[in-house]
Amino acid sequence: MRYGQRGGYTPAEQQRRERLRLEAAGRFEQGHSTRDIARELRVHERTVTRWRKAWREGGIQALRSKGPVSAEKLSGRQWARLEAELSRGPLAHGFSDDQRWTLVRVKTLIGRLFHIGYTVEGVGKLLRRHGWSVQVPVRRALERDEQAIAAWKQEVWPDVKPPRRTWAPTSVSRTRQVRG
């Protein structure tokens, strides 16, 4: 099964989808066609066909949400503690080579704190489900001097920068370019 959020449905999204299924059930009872229901609810016809089959076999109860696809392993209290520990940074947990949280490191931290096993993919889904996203740090030298860079851009670069080329017609040929 594919998820729009790549980490499972949020509770709000689960409720929205259940409302759609229940609305479809009402239209099934009224005798609406699959095509009309799909168009009005903005879902695929195959989805409506699947819902109709479930409705015929199990009634409206078959269209109700069955809860999350997988049970959340961390409780709300554990998640709050994990967020607090993540905010302390990797160094506080013995990861001294750099200051980035990787999925493997978060997996290790969850195991240390709660003795709960997650896969690396499961950790990624858990973090996305709770609003965390991938962050790539900007690589900059520690010796970088912002004031010196700004001064160089203002004073030296205008003298070194080559003059802009004047307009010249271009060629559509890939082998020979027009020289202007």
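Which FRET efficiency value, to the nearest 0.05, do you get for residue 121 and residue 154 by plugging their Cβ-Cβ distance into 1/(1 + (r/R0)^6) with R0 = 45 Å? Efficiency, rounded to the nearest 0.05: 0.40.
When peptides 17-29, 152-164 are ranked by their average number of other Cβ atoms within 10 Å per residue, the highest-first order is 17-29, 152-164. Taking the C-alpha atoms only, the angle from helix 11-30 to the longest principal axis of the chain is near 40 degrees.
For residue 153, the lysines whose Cα falls under 29 Å of its own Cα, not counting residues fewer than eight places away in the same chain, are 161.
Rounded to whole numbers, the Karplus 3J(HN,Hα) couplings from phi for segment 109-119 are 4, 4, x, 5, 6, 10, 6, 10, x, 10, 7 Hz, using 6.51 cos²θ - 1.76 cosθ + 1.60 with θ = phi - 60°, and x at Gly and Pro. Extending 7 Å from Cα along the Cβ direction at residue 44 and again at residue 88 yields two label points whose distance is 4.6 nm. When you restrict to C-alpha pairs under 8 Å that are six or more residues apart and normalise by the size of the chain, the relative contact order lands at 19 percent. From least to most packed, judged by other beta carbons within 10 angstrom and beginning with the fewest, 48, 138 follow the order 138, 48. Subtracting the Cα-Cα distance of residue 105 and residue 138 from their residue separation scaled by 0.36 nm leaves 9.9 nm.
In the set (i) 79, 57, 29; (ii) 40, 33, 31; (iii) 56, 34, 26, which value of Cα extents along the principal axes in Å was calculated from the structure you see? Among (i) 79, 57, 29; (ii) 40, 33, 31; (iii) 56, 34, 26, the one derived from this structure is (i).
Note that segment 76-81 has calculated 3J(HN,Hα) couplings of x, 5, 5, 5, 4, 5 Hz, one per residue in order, obtained from phi through the Karplus relation 6.51 cos²θ - 1.76 cosθ + 1.60 (θ = phi - 60°); glycine and proline are x.
Which aspartates and glutamates have a Cα lying under 19 Å from the Cα of residue 66, excluding residues fewer than 8 positions away in the same chain? By straight Cα distance, residue 66 reaches 13, 18, 23, 57. Note on the chain: GNM, Cα springs under 10 Å; of 110, 60, 149, the largest mean-square fluctuation is that of 149. Compute the long axis of helix 45-58 from its Cα atoms, compare it with the longest principal axis of the Cα atoms of the chain, and write down the angle in degrees, 0 to 90, nearest 10. With rounding to tens, the tilt is 30 degrees. If you line up the long axis of helix 146-155 against the longest principal axis of the chain, both from Cα atoms, how many degrees apart are they, to the nearest 10? Roughly 60 degrees between the two axes.
Each reported figure results from applying straightforward, stated rules to the coordinates on display, with no laboratory input. This is a predicted model, so every value here is computed, not measured. In this analysis, Cβ positions are derived from the backbone assuming ideal geometry, glycine residues included, and neighbour counts consider all displayed protein chains.
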